[in-house]
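Presented below is the structure to which this report refers.
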Amino acid sequence: MPTLTTDDGTSLAFEDTGSGTPVVFVHEFAGDLRSWEPQVRHLSRRYRCITYNARGFPPSGVPDDAHAYSQDRARDDVLAVLDALDIERGHIVGLSMGGFATLHFGLACPERARSLVLAGVGYGAEPEQRDRFQDEADATARFLRTRGMAAFAGTYSVGPTRVQFRNKDPRGWEEFAGMLAEHSAAGSAHTQQGVQKKRPSLFDLADRMKKLTVPTLIVTGDEDWPCLVPSVFMKRTIPSAGLLVVPNTGHTVNLEEPAAFNTALADFFAQVDAGRWPMRDPRAVSESITGVK
């Protein structure tokens, strides 16, 4: 598998499939580049699809230094992928941890993004959930360091927003859980405490999100409980955002409902590339319910 090197010397493993307008996929904490296989198989018929493993996820590098993991570094690694592959602008698609990186990339480098897809974004974002989320990030890191990756995968893969996947598609879920067990315990622990725990709340980014004009599609499953309120908040705040809620679906929306997710992405990209994705009409934002006074 080819690799590229970031400015701090960390190698990132990647795959580059198909041709056409580039689409860069940024995976979640429990996934890796293999998690995007249903999207690559579908979209690489029309697009150049790039997937990569985040730092801490072999065969990408696993830095020993805890300071090598942060939300800013995750954002900059998206840019490193674009630069290494000579991509001026691309559609950027992120799920969960990767969705946060995608949002931060769009805020910092809007000129490099044709569009943003923010799927499953919101864990720990609500102000009243911050302390609990940070405590759970520390607990997760301790679990990983003391009991190892296989034991962690057996627990994490049946969390409250993962059981939907298991119930619908036992075979697909088993593959997901098996790949999770192959990850690096050290890299995952560093990621929990450096990226997940310390990232800013979405609600603290409101002023910046209000200025975001890059076409944005927000996607959430309606049983991805930690992401429902944050998804509506992002829809209300980002003037270029549309919101897709997938029914009876948990966190791993791209694997749990691949056909619906692929169709949504294809339609979104087509509208963006045709210049037809709209900004919000100011008339749609009013204190009046009916518009009648």
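Collect the residues in region 92-111 that are over 13 Å from the mean Cα position of the chain (by Cα) and either not in a helix (DSSP H, G or I) or not acidic (Asp, Glu) (or both), keeping them in residue-number order.
Pass one, region 92-111, residues over 13 Å from the mean Cα position of the chain (by Cα): 107-111.
Correct list: Leu107, Ala108, Cys109, Pro110.
Among the residues of region 1-19, those identified as in contact with a strand residue (DSSP E or B) (Cβ under 8 Å, 6 or more places away or on another chain), in a loop (DSSP other than H, G, I, E, B) and either without any contact (Cβ under 8 Å) to a residue 24 or more places away in the chain or surrounded by 16 or more Cβ atoms within 10 Å (Cβ to Cβ) (or both) are Pro2, Thr6, Gly18. Inspection of region 45-60 finds no residue satisfying the criterion of being among the hydrophobic types (A, V, I, L, M, F, W, C), touching a Ser or Thr at 6+ places or on another chain (Cβ under 7 Å), without any contact (Cβ under 8 Å) to a residue 60 or more places away in the chain and more than 18 Å from Ala266 (Cβ to Cβ).
The conditions of being among the β-branched types (Val, Ile, Thr), at pLDDT 95 or above and over 15 Å from the mean Cα position of the chain (by Cα) are not met by Val195. Only residues that are surrounded by fewer than 16 Cβ atoms within 10 Å (Cβ to Cβ), touching a residue at least 40 places away in the same chain (Cβ under 8 Å) and hydroxyl-bearing (Ser, Thr, Tyr) were counted across region 155-170, and they come to 0.
Does Lys211 satisfy being of a type in the set (Lys, Arg) and in contact with a Leu (Cβ under 8 Å, 6 or more places away or on another chain)? It is false that Lys211 is of a type in the set (Lys, Arg) and in contact with a Leu (Cβ under 8 Å, 6 or more places away or on another chain). Number of residues in region 122-154 that are assigned to a helix (DSSP H, G or I), of a type in the set (A, V, I, L, M) and either in contact (Cβ under 8 Å) with a residue 24 or more places away in the chain or under 18 Å from Glu28 (Cα atoms) (or both) equals 6. Scanning region 68-88 for residues that are in contact (Cβ under 8 Å) with a residue 24 or more places away in the chain, of a type in the set (Asp, Glu) and not in a helix (DSSP H, G or I) gives a single hit, Glu88. Hey, among the residues in region 115-152 that are surrounded by fewer than 20 Cβ atoms within 10 Å (Cβ to Cβ) and farther than 15 Å from Gln192 by Cα, which one's farthest from the chain's Cα centre (by Cα)? Applying the filter and picking the extreme gives Arg147.
Restricting region 31-47 to residues that are among the hydroxyl-bearing types (Ser, Thr, Tyr) and over 13 Å from Pro258 (Cβ atoms) leaves a set whose member that is surrounded by the fewest Cβ atoms within 10 Å (Cβ to Cβ) is Ser44. Among the conditions (1) more than 19 Å from Ala206 (Cα to Cα); (2) in a helix (DSSP H, G or I); (3) in contact with a strand residue (DSSP E or B) (Cβ under 7 Å, 6 or more places away or on another chain), the only one that Arg114 does not satisfy is (2).
Considering every residue within region 25-37, establish whether at least one is more than 28 Å from Asp267 (Cβ to Cβ) and either modelled with pLDDT of 95 or more or under 20 Å from the mean Cα position of the chain (by Cα) (or both). So far as region 25-37 goes, no, none of its residues is more than 28 Å from Asp267 (Cβ to Cβ) and either modelled with pLDDT of 95 or more or under 20 Å from the mean Cα position of the chain (by Cα) (or both). The residues of region 239-288 that are of a type in the set (Asp, Glu) and either within 30 Å of Val158 (Cα to Cα) or surrounded by 16 or more Cβ atoms within 10 Å (Cβ to Cβ) (or both), listed by number, are Glu256, Glu257, Asp273.
Looking at region 224-290, the helices (runs of 4 or more DSSP H) lying wholly inside it that each contain 3 or more residues that are in contact (Cβ under 8 Å) with a residue 12 or more places away in the chain and within 22 Å of Met209 (Cβ to Cβ) sit at 225-237, 258-273. Checked against (1) in a helix (DSSP H, G or I); (2) in contact with a Phe, Trp or Tyr (Cβ under 6 Å, 6 or more places away or on another chain), Leu217 passes all but condition (1).
The values are calculated or read from the model by the stated rules, or taken from the named source; none is laboratory data. These numbers were taken from a predicted model, which means no experiment stands behind them. Glycine gets a Cβ as well: all are built from the backbone with ideal geometry, and neighbour counts include every protein chain shown.
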